Amino acid sequence: MYRNSFKTRSFRPRNDGGRRSFSQNIHPSKFINKASSVNETAVFKPEHTFRDFNIDEQLKLAITKMGYETPTPIQDKAIPHILKNTDVIGIANTGTGKTAAFLIPLIDKVLRNRKEQVMIIAPTRELAIQIEGELIKFARDLKIYSVCCVGGMSIGHQIRELRYFNNFIIGTPGRLRDLIDNKKIFLSEYRTIVLDEADRMLDMGFVNEMRFIMAGMPKERHTLFFSATVSSEIEKLIKEFLSQPIRISVKNRDTSANVEQDVVKIRRGTDKVDVLHGLLNKEGFSKVLIFGRTKHGVEKLSKILVGKGFKAESIHGNKNHVKRQQALRLFKNNHVQILVATDVAARGLDIADVSHVINFDLPATYDDYVHRIGRTGRANMVGKALTFIVDNV
Ligand code: ADP
Ligand code: MG
């Protein structure tokens with residue numbers, strides 16, 4: 001059985017968007033891009049099939065049940081190395097199947113040695129929960145135990161779960177650090193660690209927590225490091241954390257290449273909400289993710305849209321965890337047409353078939369922009385992104 005149900009109590013606003021200063025410095029031309037049709041992208045020929053991998057037969061069965069037929073490029077290249085216990089740096093865009101790239105070989109590792117304990121660190125609680133969700137799907141019948149340690153949820157519950165043996169701890173840096181400080185997690189027990197979306201963690205100001213956790217881990221360990229971008233800061237962390245790593249980069253195209261991007265010019269004096277209203281009534285706007293800058297603005301916009309008769313939900317740091325998960329579920333399952341979100345709340349989320357991403361407010365950085373529009377056009381589909389630009393002339 002899994003011990004992974006949680007209760008929500010308090011919310012700690014540490015990870016929410018709007019913290020960085022907002023800039024209008026991105027040139028509008030960067031928001032315009034014709035999507036290259038999916039057919040133009042060379043078809044990837046994996047070297048391996050899941051069957052080829054030297055992994056447990058039951059795990060292979062679980063992969064088939066998940067509907068995964070062939071490995072994605074990062075899975076194809078990383079899994080054989082991870083299976084050999086080599087440290088791996090995986091550089092790959094969002095939506096390329098990184099989660100399974102580390103989960104599959106690590107589940108296999110646990111199946112070979114039931115005493116193995118793996119720690120996975122992800123930047124946001126939604127991502128941590130998403131990873132645990134995928135783990136549960138793979139390992140449903142395999143008697144593998146996991147616990148998810150993220151902020152905004154009852155620490156007491158997590159502490160109780162930590163009294164039991166867990167093969168996988170999945171958590172966010174801040175909460176993990178608290179639990180380590182309180183001697184509820186003993187880093188010396190973990191010989192395998194995954195840093196997922198390391199660049200995001202850095203962006204979010206978790207560098208001290210990352211260093212603290214890595215410093216407490218045994219020197220002899222297996223370290224996997226995933227990042228979409230490689231800055232000099234990231235290189236520094238790689239040098240500090242990994243030992244003789246293999247570097248795998250499968251960034252052969254921009255994530256955004258298959259997202260059709262355009263701007264919507266808003267004349268001064270025009271209400272952005274009216275323009276949005278017009279768009280949302282158009283054909284094809286079936287599953288729309290709208291980004292706003294502040295928690296308050298996001299909440300307000302979603303209320304306005306509901307007032308106008310749309311089915312809309314919102315996700316931002318002022319909502320408690322249960323409400324956030326609920327909003328996400330309603331959107332994922334197509335019970336609402338619209339999800340209004342702040343940047344951080346939506347980071348890395350995997351939602352199928354988002355027809356449009358609308359930047360109601362400009363993103364603070366180009367990086368945030370790429371992240372936002374990466375929520376559409378997933379799994380090689382063509383997506384659409386529209387960015388509202390207020391015309392000041
Ligand atoms: P990333 O972490 O790189 O952003 P995810 O691990 O969230 O990407 O995967 C994106 C989506 O692709 C998920 O819905 C996942 O279930 C799906 N996926 C991953 N690997 C495969 C595969 N080999 N075949 C089909 N779908 C896959
Ligand atoms: Mg991921």
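The values are calculated or read from the model by the stated rules, or taken from the named source; none is laboratory data. The model shown is predicted, which means the values in this text are computed figures rather than measured ones. Note that we place each Cβ from the backbone using ideal geometry, even for glycine, and neighbour counts take in every protein chain shown. These accessible areas exclude ligands, DNA and RNA; they are computed on the full protein's heavy atoms, side chains included. Shrake-Rupley method; radii C 1.70, N 1.55, O 1.52, S 1.80 Å.
Before moving on, here are some points about what is shown:
- GLY278 vs. criteria over 17 Å from ILE351 (Cβ atoms), without any contact (Cβ under 8 Å) to a residue 24 or more places away in the chain and open to solvent by less than 50 Å² (accessible area, probe 1.4 Å): yes
- Every condition in (1) open to solvent by 10 Å² or more (accessible area, probe 1.4 Å); (2) over 30 Å from VAL259 (Cβ atoms); (3) touching a residue at least 24 places away in the same chain (Cβ under 8 Å) is met by GLY95 except one, and the failing one is (2).
- Taken over the stretch 139-176, the criterion of being within 16 Å of ligand 1 (Cβ to nearest atom) and surrounded by fewer than 22 Cβ atoms within 10 Å (Cβ to Cβ) is satisfied by ARG140 alone.
- Being more than 10 Å from ligand 1 (Cβ to nearest atom) and open to solvent by less than 10 Å² (accessible area, probe 1.4 Å) is a property that ILE107 has.
- Scanning the stretch 138-170 for residues that are polar (S, T, N, Q) and in a helix (DSSP H, G or I) returns a single hit, GLN158.
- Among the residues of the stretch 30-48, none qualifies, meaning not one is under 29 Å from GLN117 (Cβ atoms), aliphatic (A, V, I, L, M) and either away from ligand 1 (no atom under 14 Å from the Cβ) or at pLDDT 90 or above (or both).
- Count of the stretch 181-238 residues, restricted to those that are part of a loop (DSSP other than H, G, I, E, B) and either surrounded by fewer than 14 Cβ atoms within 10 Å (Cβ to Cβ) or away from ligand 1 (no atom under 16 Å from the Cβ) (or both), is 16.
- Here ARG375 clears all of (1) within 27 Å of CYS148 (Cβ to Cβ); (2) at pLDDT 90 or above; (3) surrounded by 24 or more Cβ atoms within 10 Å (Cβ to Cβ) except the condition numbered (2).
- Scanning the stretch 125-134 for residues that are in contact with a helix residue (DSSP H, G or I) (Cβ under 6 Å, 6 or more places away or on another chain) and buried (at least 20 other Cβ atoms within 10 Å of the Cβ) yields a single hit, ILE131.
- Of the residues making up the stretch 89-108, just one is of a type in the set (D, E, K, R) and either within 21 Å of PHE241 (Cβ to Cβ) or within 9 Å of ligand 2 (Cβ to nearest atom) (or both), namely LYS98.
- Of the residues making up the stretch 56-69, those that are closer than 13 Å to ILE104 by Cβ and either in contact with a Phe, Trp or Tyr (Cβ under 8 Å, 6 or more places away or on another chain) or open to solvent by less than 90 Å² (accessible area, probe 1.4 Å) (or both) are ASP56, LEU59, LYS60, ALA62, ILE63, THR64, MET66, TYR68.
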